[in-house]
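Colleague: Can you read through this structure? Questions will come right after.
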Amino acid sequence: MKPPADDVAQPSTAESGTDAFVTPEPRVKLEAGARILAQSLEPHGFTFALVATGKGSGGHFAEGEFRRDDRRLEFHFRQSLGLVRYHVGAHSASHASYMEALGVAGQTRYPSASDDPLEGFRHLASDIHQFVQDFVTADASVLRRAAALEKKAVKAEQLTPYDCSAISSTHNS
């Protein structure tokens with residue numbers, strides 16, 4: 001049996017066991033974006049995995065991550081690259097919080113507005129290459145500090161960790 005074509009709706013992994021079908025577009029774009037990110041991460045032992053696809057209240061989505069040991073770079077896609085979180089062990093921080101802790105929030109390229117759905121991945125790859133050695137090759141001490149600051153902000157603002165990109169006021173306004 002040949003694999004299904006990319007332009008045919010596929011069963012949702014998030015809704016398995018139902019008759020729900022989703023467009024493959026977010027999955028296809030996420031996988032194309034992962035190939036862009038792989039250039040910065042695979043040389044350091046990270047591997048990509050598609051985590052989920054489905055349809056939620058905001059429409060069709062796909063979620064993927066790059067992993068190495070206790071580190072993960074989590075990213076979500078709908079019409080463009082959305083949520084990006086860095087994880088090390090039990091600690092995690094949004095891209096915005098991490099860039100702020102690194103002291104480079106005003107210099108980053110991601111997030112950005114573009115009509116090209118893959119542009120966000122190119123900009124994230126640039127940020128990873130330029131700023132994220134702490135996560136990719138070092139001890140992730142700055143990421144741990146960003147996670148602790150974000151956790152404190154979450155408690156103070158009564159937000160979820162996934163809301164933290166909204167509380168970073170210095171990022172590409």
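The values are calculated or read from the model by the stated rules, or taken from the named source; none is laboratory data. Predicted model, so just to flag it, every value in this text is computed and none were measured. Remember, those area values only see protein heavy atoms, side chains included, never the ligands or the DNA or RNA. Shrake-Rupley method; radii C 1.70, N 1.55, O 1.52, S 1.80 Å.
Colleague: Between V84 and residues 5 or more places away or on another chain, which pairs have amide H atoms under 5 Å apart, with H built 1.01 Å from N, and which residues are they?
Modeller: The list, which skips near neighbours in sequence, is H95.
Colleague: Return the sequence-ordered ³J(HN,Hα) values of the stretch 96-113 in whole Hz as given by the Karplus equation 6.51 cos²θ - 1.76 cosθ + 1.60 applied to θ = phi - 60°, using x for Gly and Pro.
Modeller: Here the 3J(HN,Hα) series is 4, 5, 5, 5, 4, 5, 6, x, 10, 3, x, 10, 6, 9, 9, x, 8, 8 Hz.
Colleague: Please list the non-local residues whose amide H lies under 5 Å from the amide H of A140, H modeled 1.01 Å from N, same-chain partners needing a gap of 5 or more.
Modeller: Hits under the 5 Å cutoff: none.
Colleague: Counting only heavy atoms of the protein chains, get the accessible area per residue of the stretch 27-171 (1.4 Å probe) and round it to a whole Å² value. Don't skip to the end; give the middle numbers.
Modeller: On the way: 7060 Å² over 145 residues.
Normalised by residue count, the accessible surface of the stretch 27-171 is 49 Å².
Colleague: Provide R144, R71, R109 ordered by accessible surface of protein heavy atoms (probe 1.4 Å), highest first.
Modeller: R109, R144, R71
Colleague: Using all alpha carbons of the stretch 68-110, what is the percent of pairwise distances in each 10 Å bin, ordered from the shortest bin to the longest?
Modeller: For the stretch 68-110, the pair-distance distribution reads 27, 48, 24, 0.
Colleague: In what sequence, largest accessible area first, do K155, K55 appear using a 1.4 Å probe?
Modeller: Largest to smallest exposure gives the sequence K155, K55.
Colleague: Then there is this: By its C-alpha gyration tensor, with a ≥ b ≥ c as the square roots of the eigenvalues, how is the stretch 76-166 shaped: rounded for a/c under 1.5, else prolate for a/b larger than b/c, else oblate? All intermediate terms of the calculation are to be shown ahead of the outcome.
Modeller: On the way: a/c = 1.94, a/b = 1.27, b/c = 1.52.
Since a/c reaches 1.5 but b/c is at least a/b, the shape of the stretch 76-166 is classed as oblate.
Colleague: Rounded to whole Hz and in sequence order, give me ³J(HN,Hα) for the stretch 73-86 from the Karplus expression 6.51 cos²θ - 1.76 cosθ + 1.60, θ = phi - 60°, writing x for Gly and Pro.
Modeller: Working through the residues one at a time gives 10, 9, 8, 10, 9, 10, 8, 7, 5, x, 4, 10, 10, 9 Hz.
Colleague: Once phi is turned into θ = phi - 60°, what whole-Hz ³J(HN,Hα) does the Karplus curve with 6.51, -1.76 and 1.60 give for every residue of the stretch 116-122, x standing for Gly and Pro?
Modeller: 8, x, 8, 4, x, 5, 4
Colleague: With the full set of protein chains in place, find how many percent of the accessible area of the stretch 106-161 is carbon and sulfur; take the probe as 1.4 Å.
Modeller: Numbers: 1640 of 3180 Å².
After summing per-atom areas, the C and S share lands at 52 percent.
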